[in-house]
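The values are calculated or read from the model by the stated rules, or taken from the named source; none is laboratory data. From a predicted model like this one, the values you see are computed outputs, not experimental measurements. Reconstructed Cβ throughout: ideal geometry from the backbone, glycine too, with neighbour counts over all protein chains shown.
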Amino acid sequence: MTLRKTIAGWSVALALTAGALAPTPVQAAPPTAPEIRVATFNASLNRAAQGDLSRDLADGDNAQARAVAETLQRTRADVVLLNEFDYVADGSAVDDFRRNYLEVDQNGAEPISYPYYFIAPVNTGVPSGHDLNRNGIPGEADDAFGFGAFPGQYGMVVLSRYPIDDAAVRTFQHFRWADMPGALLPDDPATSAPADWYSPEVLADFRLSSKSHWDVPIRIGRETVHALVSHPTPPSFDGPEKRNATRNHDEIRFWADYVTPGANSYIYDDRGLRGGLNPSQSFVILGDLNSDPVDGDSIPGAIQQLLGNKRIIDPMPSSDGGPEAAARQGGANATHQGNPAHDTADFNDNPAPGNLRVDYVLPSRKGLLWRQAGVFWPTRNDARWARLIGDYPFPASDHRLVWVDLRVG
Ligand SMILES: [Ca+2]
Ligand SMILES: [Ca+2]
Ligand SMILES: [Ca+2]
């Protein structure tokens with residue numbers, strides 16, 4: 001049975017399945033200081049046209065969705081953000097993914113049940129009404145509030161084995177970029193005026209978030225942990241104005257400000273509530289943030305806004321498969337400065353950008369203690385799981401799942 005309600009345009013579903021009612025080892029943990037696994041995974045469950053994902057998930061035989069599901073079954077996170085999961089407003093795509101994939105054993109893996117999830121609309125594919133890439137052709141995927149062919153393409157979903165405090169969720173889909181003080185607004189280098197790639201008329205509409213930014217509070221025993229989730233635009237497909245790189249920088253900055261007292265008074269959510277996170281609260285920043293600390297195209301310092309924040313811990317998840325892939329694939333990887341053990345995505349290597357660290361699980365110093373962390377990137381000779389990784393075209397995704405085990409409270 002699925003109980004569904006709509007709050008301020010969000011589709012929120014609470015599934016009361018047999019799995020939800022049965023005790024699980026995690027839920028049976030002591031009420032104080034439970035340990036949970038939190039993960040982020042860009043699952044590439046986006047499709048070319050509206051309705052395609054629903055069709056793929058309606059039965060259990062889509063090979064890529066099965067590989068994604070098995071990845072989740074093998075890694076067994078208690079809370080996981082999936083990036084690139086097309087938004088279907090009635091929740092049916094998530095329901096089908098749970099029922100037809102996650103709750104069915106894949107290649108002998110133990111099924112996994114996520115009784116709770118959160119989805120909401122995103123900016124991808126939503127027409128902006130402006131010619132954002134300024135090529136004279138309106139209405140393109142590149143002119144939407146976030147790059148996308150239809151509303152909801154490249155959406156996201158938070159899956160949880162713990163209850164989500166639906167009434168306390170905050171979304172920031174509509175927050176305007178120009179309302180961020182000192183925003184890194186892109187400049188048209190052909191004019192002498194600064195920060196003028198977007199006209200005042202465009203900036204009056206332009207949303208900061210390329211998909212959305214959500215604060216999803218999750219109840220872990222007596223504690224609450226806020227999952228701060230997003231999927232900033234890649235800092236690429238730009239001209240010299242760097243409209244995507246600058247937006248990526250500020251989409252990341254949003255969370256740095258959100259968790260910093262004194263820096264977040266400008267923030268408002270989609271219901272008009274102002275301000276950021278109460279400093280007494282624990283949080284985990286999750287997502288494909290499309291920014292490597294040293295390599296790739298992002299604005300220097302973009303991800304350091306989080307990695308260098310004293311309120312945030314970087315557990316530096318690593319794998320054995322990342323270094324192996326970088327060495328084997330060569331190309332841009334050979335010139336990288338970053339340690340490939342921390343890579344989370346297998347991108348094109350010839351000529352660029354090569355494999356990068358772009359997917360993050362960043363817990364707060366407040367209220368959380370990290371125990372272990374990893375990138376699910378087995379080596380090619382791993383007889384059990386190498387088949388879930390592969391080379392392009394990938395069986396599941398070009399990204400790798402990143403996980404961190406946290407002691408709460
Ligand atoms: Ca255009
Ligand atoms: Ca200019
Ligand atoms: Ca590669």
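Observations on the model:
- Single match in 113, 54 (criterion: touching a helix residue (DSSP H, G or I) at 6+ places or on another chain (Cβ under 9 Å) and farther than 27 Å from residue 224 by Cβ): 54
- For region 300-313, the tally of residues that are buried (at least 20 other Cβ atoms within 10 Å of the Cβ) and part of a loop (DSSP other than H, G, I, E, B) stands at 3.
- Residue match in region 114-126 (condition: surrounded by fewer than 17 Cβ atoms within 10 Å (Cβ to Cβ) and either more than 30 Å from residue 239 (Cα to Cα) or modelled with pLDDT of 95 or more (or both)): no
- Flag for residue 114 being under 30 Å from residue 221 (Cβ atoms) and part of a loop (DSSP other than H, G, I, E, B): yes
- Residue in region 53-61 that is hydroxyl-bearing (Ser, Thr, Tyr) and surrounded by fewer than 20 Cβ atoms within 10 Å (Cβ to Cβ) present: yes
- Yes/no for residue 319 being closer than 26 Å to residue 173 by Cβ and outside any helix (DSSP H, G or I): no
- Restricted to region 186-214, and to residues there that are assigned to a loop (DSSP other than H, G, I, E, B) and under 23 Å from the mean Cα position of the chain (by Cα), the residue that is farthest from residue 285 (Cα to Cα) is 206.
- Identity of the residue in region 291-340, more than 16 Å from ligand 3 (Cβ to nearest atom) and touching a residue at least 60 places away in the same chain (Cβ under 8 Å), that ends up farthest from residue 43 (Cα to Cα): 299
- Cβ-Cβ contacts under 7 Å between residues 6 or more apart (or on different chains), taken from a first residue in region 183-202 that is free of Cβ contacts under 8 Å to residues at least 24 places away in the same chain to a second residue that is within 16 Å of ligand 1 (Cβ to nearest atom) and among the polar types (S, T, N, Q), are absent.
- Total residues in region 341-357, condition within 12 Å of ligand 3 (Cβ to nearest atom) and not in a loop (DSSP other than H, G, I, E, B): 2
- Selected residue (only one of 163, 151, 217, 234 is within 16 Å of ligand 3 (Cβ to nearest atom) and within 23 Å of the chain's Cα centre (by Cα)): 234
- Restricting attention to region 388-409 and to residues that are among the charged types (D, E, K, R) and either assigned to a loop (DSSP other than H, G, I, E, B) or surrounded by 15 or more Cβ atoms within 10 Å (Cβ to Cβ) (or both), the residue that is nearest to the chain's Cα centre (by Cα) turns out to be 400.
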